[in-house]
Amino acid sequence: MKNNVAAADRLIAHRGYPRRYPENTLPGIEAAIRAGARYIEVDVQLSADGVAVLFHDWNLQRLCGRPGALHEYDWAALKKFHIGNVGISKLETLVALLAQSPQVTAFIELKRISLSAFGESRMVTQVMKILQPALSQCVIISYSLAALEKVRELGEQPIAVVADDWRELQQSPAQALRPEYLFCDIQTLPAQGALAIPGSRLAVYECTDAKQAGAVLARGVDLVETFAIVEMMRALQDHQALKGAIES
């Protein structure tokens, strides 16, 4: 049990539990939390009429088989679309779930396509308003430094800078925001050496290999995002147990 708790504390359920459920949907997020996930990550966009929903892609084709981008449809149309066999989820439904799961921290990613369509001020204000009942459990994350600057202007809400490359996180624009967290692609990490960045917790994506996760965690990474949260918790627990047995 001790190792299982440790594994859960080092993993982020990336878009819920896509290995078994449609991504960014309440059933997948609920399954991850039931399994013991302490961290979840979701993507947020706005509909044409300003409703905040959980959705990742720049367009609807891959997930919903529909033409165009999400922000081109109002909520009345979007609520009829499905990701797999599950309807698109509103952000406010996640807030209700977080209220029932006080042990969970949610990373809320503001997607660039929506920021471009609506502007940083409108999107940040809308999302923060919806998150208000659960703000103490949320970290606002984005590739957009301008959006994160808007979050900083509104108060002390924790933020995370997301970058495709590890090297971007060490540059002054990202560091100037003094983010509590930093996210980057695990494939861009240097092959050797410590990985900690002073002042921020480091998270990496996307990983479903427990051996790889264990290796980067040992080098200073704080959190690993995974689409297979349940399998990774079990595998990382087994990896830690084996490592402990060998070392002893």
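Within the range 62-95, the only residue that satisfies the criterion of being buried (at least 18 other Cβ atoms within 10 Å of the Cβ), out of contact with any strand residue (DSSP E or B) (no Cβ under 7 Å at 6 or more places or on another chain) and part of a helix (DSSP H, G or I) is VAL95. With respect to (1) farther than 20 Å from TYR21 by Cβ; (2) surrounded by 15 or more Cβ atoms within 10 Å (Cβ to Cβ), the lone exception for LEU98 is condition (1).
Would you call TYR21 hydroxyl-bearing (Ser, Thr, Tyr), in contact with a Ser or Thr (Cβ under 7 Å, 6 or more places away or on another chain) and either farther than 19 Å from CYS207 by Cα or surrounded by fewer than 24 Cβ atoms within 10 Å (Cβ to Cβ) (or both)? No; evaluated as a whole, the condition is false for this residue. Here are some conditions: (1) within 18 Å of ALA134 (Cα to Cα); (2) not in a helix (DSSP H, G or I); (3) not basic (Lys, Arg). ASN59 meets all but one. Which one does it not meet? Condition not satisfied by ASN59: (1). Filtering the range 39-56 to residues that are out of contact with any Ser or Thr (no Cβ under 7 Å at 6 or more places or on another chain) and either assigned to a loop (DSSP other than H, G, I, E, B) or more than 23 Å from CYS184 (Cα to Cα) (or both) leaves SER47, ALA48, ASP49, GLY50, VAL51, ALA52, PHE55, HIS56.
Taken across the range 48-59, residues that are among the aromatic types (Phe, Trp, Tyr), surrounded by 20 or more Cβ atoms within 10 Å (Cβ to Cβ), in contact (Cβ under 8 Å) with a residue 12 or more places away in the chain and closer than 18 Å to THR208 by Cβ do not occur at all.
Bear in mind these aren't lab numbers, they're just calculated from the coordinates by the rules spelled out. Small disclaimer: the values here were computed from a predicted structure and weren't measured. FYI the Cβ positions are ideal-geometry reconstructions off the backbone, even for glycines, and counts take in every protein chain you see.
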